[in-house]
1. Return the pairs, sorted by first residue and then second, in which the second residue is of a type in the set (Lys, Arg) and surrounded by 10 or more Cβ atoms within 10 Å (Cβ to Cβ), the first residue lies in the range 2-31 and is without any contact (Cβ under 8 Å) to a residue 12 or more places away in the chain, the beta carbons are less than 8 Å apart, and the residues are 6+ apart or on different chains.
2. Please state which one of Ala299, Ala268 is of a type in the set (A, V, I, L, M, F, W, C), part of a helix (DSSP H, G or I) and either at pLDDT 90 or above or surrounded by 14 or more Cβ atoms within 10 Å (Cβ to Cβ) (or both).
3. Report, by residue number, each residue of the range 95-148 that is within 30 Å of Leu41 (Cβ to Cβ) and among the basic types (Lys, Arg).
4. Do we have Gln56 as at pLDDT 90 or above, surrounded by fewer than 12 Cβ atoms within 10 Å (Cβ to Cβ) and either in a helix (DSSP H, G or I) or on the phi > 0 side of the Ramachandran plot (or both) here?
5. Can we say Ala39 is in contact with a strand residue (DSSP E or B) (Cβ under 6 Å, 6 or more places away or on another chain) and not acidic (Asp, Glu)?
6. Can you work out which of the residues in the range 135-152 that are part of a helix (DSSP H, G or I) and of a type in the set (Gly, Ala, Ser) is farthest from Ala329 (Cα to Cα)?
7. Could you tell me whether Gly142 is in contact (Cβ under 8 Å) with a residue 24 or more places away in the chain, over 29 Å from the mean Cα position of the chain (by Cα), assigned by TED's automatic domain parsing to the domain that holds Val186 and exposed (fewer than 13 other Cβ atoms within 10 Å of the Cβ)?
8. What's the number of the only condition in (1) modelled with pLDDT under 90; (2) of a type in the set (D, E, K, R); (3) under 24 Å from the mean Cα position of the chain (by Cα) that Arg136 fails to meet?
Amino acid sequence: MFDKLDGIEARYQEIERSLADNAILSDYSKVAALAQERAELQPIVETYQQYRRAKQQRADAQSLFESERDAELRAMARDEMLSLDEQIERLEAELKRLLLPKDPRDEKNVILEIRAGTGGDEAGLFAADLLRMYMRYAESKGWQTEIMSANESGIGGYSTVTVFVKGRGAFSRLKYESGVHRVQRVPATESQGRIHTSTATVAVLAEMDEVDVQIDPKDVVLEVRRSQGAGGQSVNTTDSAVRLTHIPTGIVVDVQDERKQLQNRIKAMNILRARLYEMEVERQRQEQDSTRRNQVGSAERSEKIRTYNFPQNRVTDHRIGKTSYNLAAFLDGEIDDFIDELATREQAEKLGTGIQTVGAGHDD
């Protein structure tokens, strides 16, 4: 590990020298690439420097403890050694975390798909609630959002809705949202006051470039038609809506939100590319470790990951057993606390240390 850290520090210093070179400063693209690499290496280098300083201070304190005859000074040196031991252990754990292989998709933009599940109209309304939650969360992060396609239900909900989220690190945060979300509440149309249970499925896909996923045009069937609004009312007089069918996998993508067919084709290809990449990642994951499907970030669609219980004002994440009794704030986009713990859990599993879940959680 320390040989690798020495190499990272040497590379960081090389970048610093390059960014002070006038010849390089005249090349904007090279400066931007170097600045991004420096930003990625900086946390590792700074933590490694703190670690080395703590190790040196520990050695100095031990030397004082071994050479000093004054009992009070020896006691102070011993206390400092104990404190530094804790600091060194913490910094070493942080270095291991920082050196973990990163998901190459983490910095990508996101294609987020929400589908109403069981529960009829109530499931559609819940899908709309989730859409609003993610839109508010993206807004709090300064990310841009754009609805790519939507199939509305008759009472203000969605049977399916796809939203594009543009922002650095969007996938690294939203990837933990993939899975089945469950809501328990009394629908507005329920005259007996009975609690109904409904579900919606969330899929989080990283936007992939053409160089990431190659698609043979012969494998794709293109269909065009006129875009339709809610209730079947035509919103376009040209054949701008696009449906792509990927023959080898059977994946179908519909996009109709733009007025120009070309724009819809581009968006549809982006969605298809993201789905194919996700499919390949999942195939490799299953081959490498079948148990991985039960862990954080597995993108399993059949697994219930979270319950939103309105009568109890409670939201519970079943993967980490974390519960909040401020459901309104959560649905308003305040979901960072949960995402932070999910990210910590994933890092701990990668390190092989394991981590105990927070609380017992609810499974009702």
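The values are calculated or read from the model by the stated rules, or taken from the named source; none is laboratory data. Remember, predicted model here, so these are calculated numbers, not experimental data. Reconstructed Cβ throughout: ideal geometry from the backbone, glycine too, with neighbour counts over all protein chains shown.
1. Going by the 8 Å Cβ cut-off, the qualifying pairs are Ile24/Lys30.
2. Ala268
3. Lys96, Arg97, Lys102, Arg105, Lys108, Lys141
4. Here the answer is yes, as Gln56 does meet what is asked.
5. So Ala39 does not fit the description; no.
6. Ala138
7. When the stated conditions are applied, Gly142 does not pass them.
8. (1)
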